[in-house]
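Participant: I am attaching a structure below and will ask some questions about it afterwards.
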């Protein structure tokens, strides 16, 4: 991951360069390793680099051999080895996994992102045609914003974070995932068209447990390409534990291969080849990281998992005061005032700082599983399989406003990259096309949330296969991250908001908030913090989407999983 800023058709671009560099500097936390910029015609591209693949020769912006195309990328391209094979005649300048985007754009134009397997946000400028193309990955794992200014109507601004655009633009939108922008038409169009996108189309194919398992294993293997030490976020819940278990196995296999065979020429390029073989350098034993309040449920479960799968485990704690003190910084980096996102992001933000201090630049994380499999406890209230599936599709489509945003910005605040195997295109194609009857929660039948995923990794009937996880973890009930770090975390946030926001204040929200009125004092408190960070900007607020529990399903107003009727430690609903 990195940080990008670009201005297309910027009048007096040479004079604007000073501003552009300052805007780009605002996201240097995303790319602390190096900075670069290029001006062509009236366009400037700036890049803040986090070096993970192609360490010695992957500086950006990247130019084509004839210097006609200039590219700035924030992301990781997992099929870059395959793409290099496709474009053998292209004069690659580096080992960067992102460089193949240029010949793709040359050949396919706005269809280029269709051929990419990875997480990305990029802008590519064609000097001769004075044309810019920008794209964001299918689900929005990588952040990207598009800005416009009434002072310079022709100019289009692109940035990894909102804070780069807030002083220059009076119209900012979160660039939609799975879409591509073409300056020739000044339009954004969708290139990502999976079979499951239409939520009215209910899948009929029943789950193939072996296919689910093997596809997730491949998704993890892809994401282990790195030339730096990496690790895994391990909360002790099902999702992160499965990712950690698979990653631990793959890391040991790769280390054994390198030990017995040596490092051949192909290993100069880190990634996955056409046979699915992992080429990687780094530690030969996986490191795992967890955080929570002292005695938190997640810390206890994470240590159990780490011992079982054989990771070098790092268990970190934080205090309530640490978390509350960090809220302003968290909101500055997240660029949202959504309650659920802030609750969960704060411990992740604190943990990311600890991880970076331990010399790690990349981690795997478990985001996406709950949306794909209906893992949140409120899914038990779904009136039908059809509505269950439709809610899954909606949640996946909106991940870029919530968990993807959290995973990207909480970690990148400290120059740490998070990769999310559950959101692999192939894995989504398999699991979003499972008959929702196979995903439904039915406690009477012993089918708890994410039963299909759990069953796929249940090896009880496979004596020749080593168990992936301890049984009590594989079948552990869902805990939302903000709950699992310690139940008193959310309680303290609500209590502090209650003491901070008076009843009188709560009854009189700001007129400029319009219909987006906070319904709790906690939400009100976060909105005030957001306004303070972004100078009461209405433009900034237009990029935010708040997640509200489904009242029509009988869900409690508070998004914490503890309020679900199926939670083992359910909070009494008043």
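Participant: Does residue 155 meet the test of being over 22 Å from residue 450 (Cβ atoms) and either surrounded by fewer than 21 Cβ atoms within 10 Å (Cβ to Cβ) or within 22 Å of the chain's Cα centre (by Cα) (or both)? Give the steps one after another, and end with the answer.
Facilitator: Values: over 22 Å from residue 450 (Cβ atoms): yes; either surrounded by fewer than 21 Cβ atoms within 10 Å (Cβ to Cβ) or within 22 Å of the chain's Cα centre (by Cα) (or both): yes.
Yes, satisfied.
Participant: When you check residue 227 against the structure, is it in contact (Cβ under 8 Å) with a residue 40 or more places away in the chain and in contact with a strand residue (DSSP E or B) (Cβ under 9 Å, 6 or more places away or on another chain), yes or no?
Facilitator: No, not satisfied.
Participant: Of the numbered conditions (1) modelled with pLDDT of 95 or more; (2) farther than 21 Å from residue 339 by Cβ; (3) surrounded by fewer than 18 Cβ atoms within 10 Å (Cβ to Cβ), residue 495 fails exactly one; give the number of that condition.
Facilitator: (2)
Participant: Among the residues of segment 85-128, how many are over 28 Å from residue 41 (Cβ atoms) and either within 26 Å of the chain's Cα centre (by Cα) or part of a strand (DSSP E or B) (or both)?
Facilitator: Of the residues in that region, 4 qualify.
Participant: In the set 359, 415, which member is in contact with a helix residue (DSSP H, G or I) (Cβ under 7 Å, 6 or more places away or on another chain) and either assigned by TED's automatic domain parsing to the domain that holds residue 494 or more than 21 Å from residue 116 (Cβ to Cβ) (or both)?
Facilitator: None of the other options fit; the residue is 415.
Participant: Could you list all residues from segment 335-347 that are surrounded by fewer than 24 Cβ atoms within 10 Å (Cβ to Cβ) and touching a strand residue (DSSP E or B) at 6+ places or on another chain (Cβ under 8 Å)?
Facilitator: none
Participant: OK, next. Quick test of your reading of the structure: residue 94 fulfils all but one of (1) touching a strand residue (DSSP E or B) at 6+ places or on another chain (Cβ under 6 Å); (2) within 22 Å of residue 24 (Cβ to Cβ). Name the failing condition by number.
Facilitator: Only one criterion in (1) touching a strand residue (DSSP E or B) at 6+ places or on another chain (Cβ under 6 Å); (2) within 22 Å of residue 24 (Cβ to Cβ) is unmet by residue 94, namely (1).
Participant: Another question about this same structure. What single numbered condition from (1) closer than 16 Å to residue 192 by Cα; (2) out of contact with any helix residue (DSSP H, G or I) (no Cβ under 6 Å at 6 or more places or on another chain); (3) part of a helix (DSSP H, G or I) fails to hold for residue 134?
Facilitator: (3)
Participant: Also: Every residue in segment 53-67 that is at pLDDT 80 or above and either in a loop (DSSP other than H, G, I, E, B) or surrounded by fewer than 17 Cβ atoms within 10 Å (Cβ to Cβ) (or both), please.
Facilitator: Residues satisfying the conditions are 59, 60, 61, 64, 65, 66, 67.
Participant: Okay, moving on. So residue 50 clears everything in (1) modelled with pLDDT of 95 or more; (2) surrounded by 19 or more Cβ atoms within 10 Å (Cβ to Cβ); (3) in contact with a helix residue (DSSP H, G or I) (Cβ under 8 Å, 6 or more places away or on another chain) except one condition, right? Which one?
Facilitator: With respect to (1) modelled with pLDDT of 95 or more; (2) surrounded by 19 or more Cβ atoms within 10 Å (Cβ to Cβ); (3) in contact with a helix residue (DSSP H, G or I) (Cβ under 8 Å, 6 or more places away or on another chain), residue 50 is out only on (1).
Participant: How about segment 400-412: which of its residues are under 18 Å from residue 338 (Cα atoms) and crowded, with 23+ Cβ neighbours inside 10 Å?
Facilitator: Result: 400, 403, 404, 405, 406, 407, 408, 409, 410, 411.
Participant: Here's another thing I want to ask about it. Could you grab me the full set of residues in segment 24-39 that are surrounded by fewer than 22 Cβ atoms within 10 Å (Cβ to Cβ) and either within 16 Å of residue 94 (Cβ to Cβ) or touching a strand residue (DSSP E or B) at 6+ places or on another chain (Cβ under 6 Å) (or both)? Walk me through how you get there before you give the answer.
Facilitator: The first filter runs over segment 24-39 and keeps only residues surrounded by fewer than 22 Cβ atoms within 10 Å (Cβ to Cβ), leaving 25-26, 28-29, 32-39.
Those that are surrounded by fewer than 22 Cβ atoms within 10 Å (Cβ to Cβ) and either within 16 Å of residue 94 (Cβ to Cβ) or touching a strand residue (DSSP E or B) at 6+ places or on another chain (Cβ under 6 Å) (or both): 28, 33, 34, 35, 36, 37, 38.
Participant: Within segment 440-456, can you find the residues that are part of a loop (DSSP other than H, G, I, E, B) and touching a strand residue (DSSP E or B) at 6+ places or on another chain (Cβ under 9 Å)?
Facilitator: Matches in segment 440-456: 440, 441, 448.
Participant: From the list 543, 459, which one is part of a loop (DSSP other than H, G, I, E, B), modelled with pLDDT of 80 or more and under 30 Å from residue 302 (Cα atoms)?
Facilitator: From the options 543, 459, the qualifying one is 459.
Participant: Pick from segment 204-232 the residues that are under 17 Å from the mean Cα position of the chain (by Cα) and assigned to a helix (DSSP H, G or I): which of them is surrounded by the fewest Cβ atoms within 10 Å (Cβ to Cβ)?
Facilitator: Once the filter is applied, the top-ranked residue is 222.
The values are calculated or read from the model by the stated rules, or taken from the named source; none is laboratory data. The structure presented is a predicted model; accordingly, all values stated were derived computationally and were not measured. Glycine also receives a Cβ, built like all others from the backbone with ideal geometry; neighbour counts cover every protein chain displayed.
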